[in-house]
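Notes to accompany the following structure.
What follows draws every value from the coordinates through simple rules; no lab data is involved. All of these numbers come straight from a predicted model, not from anything done at the bench. Backbone-built Cβ (ideal geometry, glycine too); neighbour counts: all protein chains shown.
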Amino acid sequence: MSAERGRRGRFWRRHPAALLGPAVLLAGLAGAASVGPRLLRPNTYASVPSIETRPDFHDPALLAQAWTLPVAAAYRRRPYEYQSNPSFCGPATVANLLRSLGVDFSQADVLRGTAFQPWFGVLVNGLTLDELADLIRRRLDHPVQVVRDLALPAFRALMTSGNDPDRRLIVNFHRGPLFGRGAGHFSPILGYLPDADLVFVGDVNGDYRPFLVSSERLWRAVATPDSASGKTRGLLIVETNRP
């Protein structure tokens, strides 16, 4: 054995933690390889026209009206926080909900001390609707109801209730039926304009920002399967006026 090899052997015996760097890197590459096939799935919504082409999507006058709604105004009292990476729509949504109630939390704070821990800053499998409900219950001592499989009239009625300042709604939808691209996503419902039948979605993705969409179009995006949970997507109802 050469003197150089002898020195290397003594180093690794004294500092075994130094071996973790390459091991973690290899694990990360393996994880990326396992995620790859999901990212390469064909886009079944490619032919869907995006709501971005509609005049009401980011209409300045309608947005100004929407921001005056009681729940939207509560969200606007503090800076709106956009997701730090594509896997953080859930934590960013919860952070904004808490901030609308006067509780200062960042999306990173939301996950601290929970079972939902990022791996190199990423929630590899994201969060399901039920997991997000559990996360809110951990941070907020108020009832959280999971709602799925609503008919359109019931869905529209629920959107109307989203203007109640003692209630917060969170929606889990697939971007495909709205934009012709994308995947599952969480965002708060900021309000509803009943005369125009437009839902004010507080998109936590900074590339989209809060937008307006018809209740029927959003309903179709919610009535999609979540492969992670094996259930239909849905909404969370958070009652903020009673413990």
Distance from the range 121-200 to the range 92-117 (C-alpha centre basis), Å
16
Sum up the charges of everything whose Cβ sits under 10 Å from the Cβ of residue 82, counting Lys and Arg as +1 and Asp and Glu as -1, but leave residue 82 out.
-2
Qualifying chymotrypsin sites (Phe, Trp or Tyr not before Pro) for the range 110-178 [loop in DSSP, other Cβ within 10 Å: at most 10]:
120
What are the semi-axes of the equivalent ellipsoid for the range 127-201, taken as the square roots of 5 times the Cα gyration tensor eigenvalues, largest first, in whole Å?
20, 18, 11
Net lengthening on full extension, residue 160/residue 76 (0.36 nm per residue, minus Cα-Cα)
28.3 nm
Report, in cubic angstrom per residue, the convex hull volume of the C-alpha atoms of the range 51-239.
108
Which trypsin sites (Lys or Arg not before Pro) from the range 64-134 combine a DSSP loop assignment with at most 12 other Cβ atoms within 10 Å?
77, 112
Across the range 215-229, in residue order, what do the Karplus-derived ³J(HN,Hα) couplings come to in whole Hz, using 6.51 cos²θ - 1.76 cosθ + 1.60 with θ = phi - 60° and x for Gly and Pro?
4, 5, 5, 5, 4, 5, 6, 7, 7, 10, x, 9, 5, 6, 9
Pull up all non-local amide H partners of residue 226: gap of 5 or more, or a different chain, and H-to-H distance under 5 Å with H placed in the peptide plane.
231, 232, 233
